[in-house]
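Have a look at the structure below, then the notes.
The values are calculated or read from the model by the stated rules, or taken from the named source; none is laboratory data. All of these numbers come straight from a predicted model, not from anything done at the bench. Note that we place each Cβ from the backbone using ideal geometry, even for glycine, and neighbour counts take in every protein chain shown.
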Amino acid sequence: MSKSVLQCINPQCGKRYNALEIRYRCDCGELLDVIHDFESFNRTGEMWRKEFKKNLQLPAFFRFKDILLPDLPEEKIVTLFEGDTPLYLANRELQRIFGIKRLYFKHEGMNPTLSFKDRGMVAGVSWANYLGVKIVACASTGDTSASMSAYAAFAGLKRVVLLPEGKISLEQLCQPISSGAIVLGLQTDFDGCMKLVQELTAKHPIYLLNSMNPFRIEGQKIIGLETISQLNWKVPDWFIIPVGNAGNISALGKGLREAYELKIIDSLPRLAGIQVEAANPLYQSYKKNFSDFKPVVAQKTTASAIQIGNPVSAKKAIREIKYFNGVFEEVSEKELLDAKAIVDSAGISICPNSATAVAGMKKLREAGVIREKDLVVVILTAHGSKFSQATIDYHKDPKSTYSNPPKTLPPTLEAIERALNL
Ligand SMILES: *Cc1c(COP(=O)(O)O)cnc(C)c1O
Ligand SMILES: [Zn+2]
């Protein structure tokens with residue numbers, strides 16, 4: 001008996017499908033959730049928590065597998081040892097700057113391809129491996145293609161990535177090229193690539209691995225639970241996360257919601273989704289109490305991973321924000337770049353997208369929405385080394401608040417002493 005089914009996210013429809021069927025949407029057009037029969041495990045919250053602490057030498061995915069993809073045979077798992085990422089307590093200086101003592105950073109940039117997308121791909125590519133598909137594809141703002149390409153390469157699957165030409169970082173472009181994907185740069189934006197990859201995978205036997213594939217969401221959903229286990233099961237007051245296509249916030253919410261229902265955690269955190277002003281359709285909808293949702297045309301932003309005007313998982317994200325009494329916030333380019341410089345300079349290397357979450361947290365704290373005494377976890381989504389150009393541009397610009405440009409000197413001790421004021 002299979003433990004999982006696909007189910008339409010529209011409660012008025014709720015149609016169910018076999019989990020082994022390859023489909024990304026309900027017949028009515030809505031997205032799908034993977035729903036599991038957790039009751040069949042007959043476990044208390046305490047028993048689940050014990051399960052997650054078993055086999056600590058294996059990648060996180062194995063320990064959490066019963067809650068992620070219970071039907072997946074272990075020998076089908078394609079892992080590069082993702083997850084178990086560090087949870088940093090902010091140092092004194094960061095606590096002071098942000099005005100929060102119990103401030104944590106969950107650094108998802110410490111995954112194998114340097115972003116949280118690896119958590120989605122261990123699930124998505126393993127499932128593809130289980131289904132026996134031969135070719136996988138995705139549209140990407142950079143990190144999805146890097147991750148999918150690496151995992152598909154490891155599994156020996158053919159891999160195709162659609163990228164908006166000139167809109168991703170050089171390091172992100174290098175990743176799928178070097179791991180052997182067919183890389184197609186299209187003269188459009190991410191939303192344009194996303195539309196085309198859906199047409200491509202609908203027409204041909206190519207498996208779609210964007211986060212509209214609900215198995216990706218299953219992999220990503222343990223970010224929250226893993227964090228809480230690192231906090232010895234203390235539930236934070238807030239999780240703060242950047243939002244682009246809205247898969248990750250949907251996953252975070254689904255994982256925490258299920259954990260609450262299974263009594264693995266005994267209270268609910270609040271969620272804050274942070275967007276950039278250049279691409280803020282969910283923030284705009286939130287401002288109108290979600291009375292309507294309108295896609296926007298995303299403008300250029302250094303947070304290129306979230307330069308998305310028509311988030312595929314918008315409805316799932318809104319569902320989670322409502323359930324968790326959450327908020328959306330938006331930040332400017334200056335706010336996010338300054339936030340990046342602040343966290344980078346404490347020794348934690350982050351990307352502009354992660355910095356969006358940090359800047360949003362700062363704004364919410366200043367507005368009093370987040371309180372000084374709150375326990376706050378900011379999810380850092382990728383590593384700073386993926387975005388060297390943005391970092392160099394910021395630090396070389398004398399107008400930047402925290403600029404720290406390198407100095408060029410003649411090769412003499414005197415010159416060095418002068419530069420160091422010695
Ligand atoms: C993909 C990505 C995001 C956005 O996640 P969504 O699921 O698209 O909302 C944020 N930051 C980084 C670094 C990413 O790669
Ligand atoms: Zn439906």
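Does any residue of region 279-288 turn out to be outside any helix (DSSP H, G or I), within 15 Å of ligand 1 (Cβ to nearest atom), touching a residue at least 12 places away in the same chain (Cβ under 8 Å) and in the same structural domain as residue 363 (by TED's automatic domain parsing)? Yes - at least one qualifying residue is present in region 279-288. Please go through region 330-355 and pick out each residue that is touching a Gly at 6+ places or on another chain (Cβ under 9 Å), under 16 Å from residue 98 (Cα atoms) and either within 16 Å of ligand 2 (Cβ to nearest atom) or among the polar types (S, T, N, Q) (or both). Answer for region 330-355, where residues must be touching a Gly at 6+ places or on another chain (Cβ under 9 Å), under 16 Å from residue 98 (Cα atoms) and either within 16 Å of ligand 2 (Cβ to nearest atom) or among the polar types (S, T, N, Q) (or both): just 354. I'd like the residue in region 1-60 that is more than 21 Å from residue 262 (Cα to Cα) and in contact with a Gly (Cβ under 8 Å, 6 or more places away or on another chain) and, out of all such residues, is surrounded by the fewest Cβ atoms within 10 Å (Cβ to Cβ). So the residue we want is 59.
Given 377, 312, which one is within 16 Å of ligand 2 (Cβ to nearest atom) and assigned by TED's automatic domain parsing to the domain that holds residue 97?
Details: 377 fails: within 16 Å of ligand 2 (Cβ to nearest atom).
Only one candidate qualifies: 312.
Counting only helices (runs of 4 or more DSSP H) that sit wholly inside region 318-422, those with at least 1 residues that are free of Cβ contacts under 8 Å to residues at least 60 places away in the same chain, away from ligand 1 (no atom under 14 Å from the Cβ) and farther than 24 Å from residue 270 by Cα are 333-344, 388-396, 413-419. Contact annotation: residue pairs with Cβ atoms under 7 Å, 6 or more positions apart or on different chains, pairing a residue in region 139-159 that is within 9 Å of residue 118 (Cα to Cα) and away from ligand 1 (no atom under 14 Å from the Cβ) with a partner that is part of a helix (DSSP H, G or I) and at pLDDT 95 or above, are 151/121; 151/122; 151/125. Of all the residues in region 364-419, those that are of a type outside the set (S, T, N, Q) and out of contact with any helix residue (DSSP H, G or I) (no Cβ under 7 Å at 6 or more places or on another chain) number 27.
Is at least one residue of region 235-254 in contact (Cβ under 8 Å) with a residue 40 or more places away in the chain, crowded, with 24+ Cβ neighbours inside 10 Å and among the hydroxyl-bearing types (Ser, Thr, Tyr)? Yes, region 235-254 has at least one match.
Counting only helices (runs of 4 or more DSSP H) that sit wholly inside region 128-229, those with at least 3 residues that are hydroxyl-bearing (Ser, Thr, Tyr) are 143-155.
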